[in-house]
Every structure is written in structure tokens, then in C-alpha cells.
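Each remark here refers to the structure printed beneath this line.
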Amino acid sequence: MNYFPDEVVEHVFDFITSHKDRNSVSLVCKSWYKIERYSRQRVFIGNCYSITPQRLIARFPGLKSLTLKGKPHFADFNLVPHDWGGFVDPWIKALAKSRIGLEELRLKRMVVSDDSLELLSKSFPNFKSLVLVSCDGFTTDGVAAIAANCRFLRELDLQENEVEDHRGHWLSCFPESCTSLVSLNFACLKGEINLASLERLVARSPNLKSLRLNRVVPLDTLQKLLMRAPQLVDLGIGSYVDDPSSEVFSKLKAVIQLCNSIRSLSGFLEVAPCCMSAIYPICENLTFLNLSYAPGLQGNDLTKLVQHCRKLQRLWILDCIGDKGLGVVASTCKELQELRVFPSDPFDAGNAAVTEEGLVLISAGCPKLNSLLYFCHQMTNAALITVAKNCTNFIRFRLCILDPVKADPVTNQPLDEGFGAIVRSNKSLKRLSLSGLLTDQVFLYIGMYAKKLEMLSIAFAGDSNKGMLYVLNGCKKLRKLEIRDCPFGDVALLEDMGKYETMRSLWMSSCEVTLGACKILAKKMSSLNVEIINESEQLEFSLDDRLLVDKMYLYRTLVGHRKDKPEYVLLL
Amino acid sequence: MVFEKDLNLDATELRLGLPGSSEESLRISNKRALPDMNDDSGVAAAKKCDQETAPPTKAQVVGWPPIRSYRKNSLQTKKTEAETSGMYVKVSMDGAPYLRKIDLKVYKGYPELFKALEDMFKFKVGKYSEREGYNGSEFVPTYEDKDGDWMLAGDVPWEMFINACKRLRIVRGSEARGLGCVV
């Protein structure tokens, strides 16, 4: 099969970087499998329970970069109990014992302990990059270990983690010899830091391109940091409060003019709106703006700011911008590809901040829009149909109507037709989240048209098993399906059991699936782990197969039952 | 539904549950949620009924809206901080035997603050002008800002003032001259 020596083939493989492609390459023949596995440096594992660290290490001895995901997506919304699993510790222990020269570790929704972080920091001399997203279980002591021991650290990126802050000195643990930092993001930490240490750290990091501060870093420190690092490309501002007539503020205005490399701006965790004008000079060049953690900015502050951002490609914002503000976005940001509108007050219907009108304006004004996350108070079929006419490039479309079963307020109809139009006209759609009043009909449309769909999130929708069946039968590329509070049951679950081997995972909670059906599925499909999460204290599992299961999570795996499950999880 | 209605299996069916709760499906579920949380059949019922009937209140549905806990906690902290934590500062007045403490968060603006101070210390604040400070009174409201400087209260916007103010001092007469008070 090979006309070339292995080294030549390996050299060709160097140009193949996407995980999917490398996976495909490894399946061609034994010889390619062997060459590929020895040359592979980056591995992505979407479910940490699908494989063991030992098998990973055995197959890819040249591993340098590992990405791991743990808990199911619905764990983000408190639907998964605290100690369900997703522990990184066995991975780090196994890697530390091996000869793997790990350089990069990226974790999402995993439980990380201080001990793990310390072991990580001491076991890999070339360790360069740690990215933790939505993780928990660690404190700033663990972060301190990383700072202290990773001599060539380039990236420390903590995104939206729940970190117990020991108000420490973790920042001061970066040794004077550490000058390699390219990216530092500690916006999610809540506690005090030593501002002088921070200034010195930034001063000795000439390669620093990305800096995201937490809310205790005041404006005068920001000004000093920017003086040291005018080359920043990505800036996250902590506290942005001062008197516009102060000397410090004038200095800030001056130094911001020098920071003409900034393309990405976020934070404003504390903000005085009257200070925002200093930011306008850098707005011209921004491609990413994230104001979703800045509730201190009102609608007209946001609108005034956005008017300067002509080159914006990604915008994350709170719904207080209002429909009118979205209209301004639509007329200003012609390059916009991604929009996320978050609710500023998730539980209060009060001021209907954004409605279908804002979305329609955006769809009309932003032809390049391909990714949407939109929390709103209401949506109409007419609006969705208009959006579908205007936008045919959606890859991600997530609509969340805050009232989970709200119908079209104009016609009182379900939103089936609206979502149907979206999937019909957006043939590249990979991710879809539905909400509002929905019947089986919407799933018929999804099964018919969403041929590239990989991830679907459903809540409070559908009438019968048919809904789920339309999706399972029609969406050939489906990888992740998560369902809550829908009337889907055993018939749908068991119709095509082999389908789940082609998917990463299925989550069903508060549906109509019985224990008996889960047992049948688990018995038939040895390649799946079927987990039942049962948190009520009094029931035991030996009871009736006709019991409706509250939470079921199933996923394909090569390594059978996991050994670290908590008591309330039943593995069938 | 799992059971056919026409064979009336419901009547002979073995169920766990309280007598008379025949509508309720058997469910292993966690009842740790809020006491008035709608159970799932309640939600389903709400879904099927007319639009006149109110759907379940958002706050009662676990995990809805689908916002990451981190983000939810973050916004809620800011709201709670804004709503419950007081911004207490000491207020001294020249000649008064002891100081007082007030919560700046309670007031919506300068007029309300000054009225409260006037009531507390039995004096009158003069008329404010940007050029001259306070006219027509022996007393002038001043505050110490984050830099440690003593400033005339009333120059900067209210939000900025309450963020910057560390303590208040009502200055009398002769000492106030430097702050633009014309007696």
C-alpha cells in the first residue's frame, strides 16, 4: 500500500491537523494506523469515560496536547448532581507515570483538585498551556502550584470556573525567571491579588498577547498594565470605575490610544458608564466584544459603544441592549458572524428587553451571521421565517424563550413552522436548541431537513414518541442529543438501539422512559454505558421495571463501566 | 403513555403511590426542589391548556432558563450586592459631639442625601452652583475620596460620588471658605 517510506508518509500527515481527518487517516490501513499513531501530538476526547488514560498513552506515545470533556452539557444548568464524576485526577496520575511529554491540557466540565494541579505542575518539564473551562474542585492554591512550577508556562486560561479563592498570593508565585507568558486569564477568580506582582509579571512578559483581569483590578492598575503591554491583542477589563476628570483617567485615555493591536475586549465587571468614551478609539478595530458580564452598562451605553465597532465579528451582550440597540448593531456591524444575547434578569419578565424584532433586524443587517444564541421573551413564526429567508449560513442556532412553553403570541400557534423554516434554509446547521411551544411537527421538519445536525437540545417539547423518532431516524450525523421534560418514552428509546453507537451521548431527564427499557438497552448494547441518576433517598433499584426514570445518561464507550461512580448512579 | 386506556389496565395495574393519585405516573424523582415546584404532569398540563392559563413560573423550573451556573451566580451576586450590602459611611459635623453613620445606597441622589443630613444634624445646606459651591449657608457638605482628598459634595454624578466617597464631613463657616462657600 505504501509507495513511500514511512518518514515521507509521516511528513505528509504533518499537514493533516484536524482531529477528524487524522482519525480517518488512521483507518485506511495498518501501516497508516501505525505511522499516524506515532506522529500524533494532539488528541481530543469528547467524553472522558469513553476511553481510559492507559489506552490513550499506549496508542499515542508522542502525545503533547490533550483535550478532555467530562460532565454532560446539562450539568451547566444544575441538572447533574455535584459529585457525579468527570475527575481529571486519574488522567494526570497516569500521564505523570508515563513518558508522555505533556505540554498542553484543556479541560471542560471536569472536576480538578489542587493535588492534581500540583502533580501536573511537577510532572511535565515542558508544560506550556492550561485551559480550564467550567471546571470546579480546585482553589487558588492549585493555581499557585502551576504558576510556581511550570517554568515555560505560556498560557493559563481560567474560564468561568468555580474556584475557591484563598485570597492568596498565587500571582506572586510566578518566579522572576518566568518571562514566557502569552496568555493569562483569571477573570473568574473572585479574590484579591497583589497588584504590584501583577504589574511586575506583565512587565517581564514581552510576549503577552492576552490578558483578562478579575474585578478587583482597579482602573489605575489597568492603566499601568497597558503602559507595559501595549502589544496586547485580547484584553479583559476588571474594574472600570473612576472619575472622568481625574489624572489617572487622562493617562488611561492616552495609553489606550497606543494599544492599537487590541482586537478582542471583554470584562467590565465593575463599570462606570461615563468612562466608556475612553474605549472608543480601540472599538474601530475590535473583532470580538464581550459585554455579557457588564450589567452596569445600560442600553444606551451599549448602543453608543457598538456604533464604533464597525469590524465586529463576534458580539456577546446582555439583553438590556434592547431591540432598538440590536437595530444599531445590525446597521453598524456588517461583518458580524456570531451574536449571543444573554438575559440580564433571567427570572423577571418585567421589561421585555429583546423580542423577535431585534432578531429580525439582526438577520436583515448581518448577512454573514452563522452562530446565534438568543435569550428572549417571545418569538413568532413570522419572525423565524423571515430570519430563515435572510440567513442561510447558520452553523449554530440556539433560541431560548424564557417562558419554556410559550406559543407565538400573535397567532397562538406552536413555533413548529418557524423552526421548520430555519432548518430548511440552513443546510449547514450543526447545532440547534429549541424552545417555546412545540409539537411533534417540528421534529418531523428537523428529521427531514437537518441533515448535518450534530447536536440537538430539546426542552418541554413534542407530543409523543414520534417526535424523538423523527430525529433519530432523520439526523444521520447526530452526535449529541439532550432532552428534558418531553413525552418521549420506551418506544422511541428502543426503536434503533444501534444508533447510539454512532453518537457520543444521549441525555433524557423527566421524560417517560422506564427502568425496564433502560435495562433492555443496556443488556443489548455492551458498547454503551447506561447511567440512571437517582437522587431520591428512599427508593431502591430492585423495584418495578415500570418505574419512570428521572435522569438517564447514556454514552458509547470502549472500556465498560466506570469505577468512580457515586452511590446514586446506577450503571445498568 | 405506556398503558392502553381501552383495556383498562389502569384499574388492575400495580402502582406505587398514594391511593387516589391515579393520574400520577410512577417516577423516581428528586423532590428536593422548591416546595411549590410544579411536578412534570403539571408542566405537561400547562402546556396543553389554553393560553389563558399561566404557564409554570420561570423561577420554579429547575435548570431553566439554560444559563451556566457561573453566569447566573455572577449576575445574582451583582444584584444582591447592589441590593443588600449597604454603603455605610461616617458623617461628622464640626462641633457635633459624636459622628453618625449613613447608608449611601438608600438615597437616589444629592437632594435626598442632603435632606437626610439636614434632618440628622439640624442645619441647612446652601444653594449649589458649579461656579461658587454652596451659597447662603454656614455649612458645606464635603467628602473624602479614594485618593484621600477632601472634595465638595455635589460636583460629580451621583453614581460616581457614592463609589468614591469614603466618609462625609459637614464643614462649618470659616473653614469652608476654601471650598467656595460664600457666607
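The values are calculated or read from the model by the stated rules, or taken from the named source; none is laboratory data. Values in this document were obtained by computation on a predicted structure and should not be read as measured data. All Cβ positions, glycine included, derive from the backbone under ideal geometry; neighbour counts span all protein chains shown. Surface accessibility is based on the protein's heavy atoms, side chains included, excluding ligands, DNA and RNA. Shrake-Rupley method; radii C 1.70, N 1.55, O 1.52, S 1.80 Å.
A helix-only calculation puts chain A at -9000 deg cm²/dmol for mean residue ellipticity at 222 nm, using -39500 (n - 2.57) for each DSSP H run of at least four residues, averaged over all residues. Picking from A:29, A:92, A:51, whose Cα lies most toward the positive end of the charge dipole for the stretch A:27-169 (charges on Cβ: Lys, Arg +1; Asp, Glu -1)? My answer, from the dipole projection, is A:29. Peptide B:149-160 has a mean of 2 when you count, residue by residue, the C-beta atoms of other protein chains within 10 Å of its C-beta.
Pairwise inverse Cα distances across the stretch A:40-124, averaged and inverted, put the Kirkwood hydrodynamic radius at 13.2 Å.
Rounded to the nearest 0.05, what FRET efficiency is calculated for residue A:364 and residue A:395 with R0 set to 22 Å and r the Cβ-Cβ distance?
On the way: r = 19 Å, r/R0 = 0.88.
Result of the calculation: an efficiency of 0.70.
Beta bridges per DSSP, both residues in the protein assembly as shown: antiparallel share near 25 percent. Structure note, pairs A:451/A:524; A:565/B:72; A:97/A:551; B:127/B:166: Cα-Cα distances above 30 angstrom occur for A:97/A:551.
Along the axis of the charge dipole computed for the protein assembly as shown (Cβ charges of +1 for Lys and Arg, -1 for Asp and Glu, origin at the Cα centre), the listed residues A:195, B:110, A:233 are led at the positive end by A:233.
Inter-label distance, residue A:311 to residue B:73: 3.7 nm, where each label sits 7 Å from its Cα along the C-beta direction.
If you place +1 on the Cβ of every Lys and Arg, -1 on the Cβ of every Asp and Glu, and leave all else neutral, what size is the dipole of chain A about its Cα centre, to the nearest 20 Debye? Kindly include the intermediate steps, with their values, before the conclusion.
Details: 69 positive and 64 negative charges, 524 e Å.
That gives a dipole near 2520 debye.
Mind running the shape call on the stretch B:88-177? Use the C-alpha gyration tensor, a ≥ b ≥ c as the square roots of the eigenvalues: rounded below 1.5 for a/c, prolate if a/b tops b/c, oblate otherwise. Working shown, then result.
Details: a/c = 1.29, a/b = 1.09, b/c = 1.18.
It comes out rounded by the Cα gyration axes.
Report the local net charge at residue A:494: Lys and Arg +1, Asp and Glu -1, summed over other residues whose C-beta lies under 15 Å from its C-beta.
Numbers: positive: A:466, A:499, A:519, A:523, A:524, A:546; negative: A:490, A:495, A:496, A:501, A:512, A:545.
Neighbourhood net charge equals 0.
Within the stretch B:125-176, the GluC sites (Glu not before Pro) that combine a DSSP coil assignment with at most 11 other C-beta atoms in a 10 angstrom radius are B:130. Please report, to two decimal places, log10 I(q)/I(0) for the stretch A:161-300 at q = 0.10, 0.11, 0.14, 0.20 Å⁻¹ as given by the Debye formula with identical point scatterers on the Cα atoms and no solvent. Taken in order of the listed q values, log10 I(q)/I(0) reads -0.31, -0.37, -0.62, -1.31.
If you take the beta carbon distance between residue A:298 and residue A:21 as r and set R0 to 45 Å, what does 1/(1 + (r/R0)^6) give as a FRET efficiency, to the nearest 0.05?
Numbers: r = 47 Å, r/R0 = 1.05.
Result of the calculation: an efficiency of 0.45.
Inter-chain neighbour count for A:401-410: the average number of beta-carbon atoms from partner chains within 10 Å of each residue's beta-carbon is 4. If you wrap the tightest convex hull around every Cα atom of chain A and split its volume per residue, you get 166 Å³.
Of the three principal axes defined by the Cα atoms of the stretch A:266-414, the extents in descending order read 48, 33, 21 Å.
Only Lys, Arg, Asp and Glu count, each charged at its Cβ (+1, +1, -1, -1), so figure out the dipole size of the stretch B:88-177 about its Cα centre, rounded to 20 debye. Each step should come with its number before you reach the end.
On the way: 16 positive and 15 negative charges, 66 e Å.
The calculation lands at about 320 debye.
Which shape class, rounded, prolate or oblate, goes with the stretch A:335-427 when its Cα gyration tensor gives a ≥ b ≥ c as root eigenvalues, a/c under 1.5 marks rounded, and past that a/b bigger than b/c marks prolate? The shape class here is oblate. Across the stretch A:556-572, the residues whose backbone nitrogen lies under 18 Å from the label position 7 Å along the beta-carbon direction of residue A:501 are A:556-561.
In Å², rounded to the nearest 100, what is the total accessible surface buried by chains A and B against each other with a 1.4 Å probe?
Values: alone 24700 and 13870 Å², together 33670 Å².
Buried surface at the A/B interface: approximately 4900 Å².
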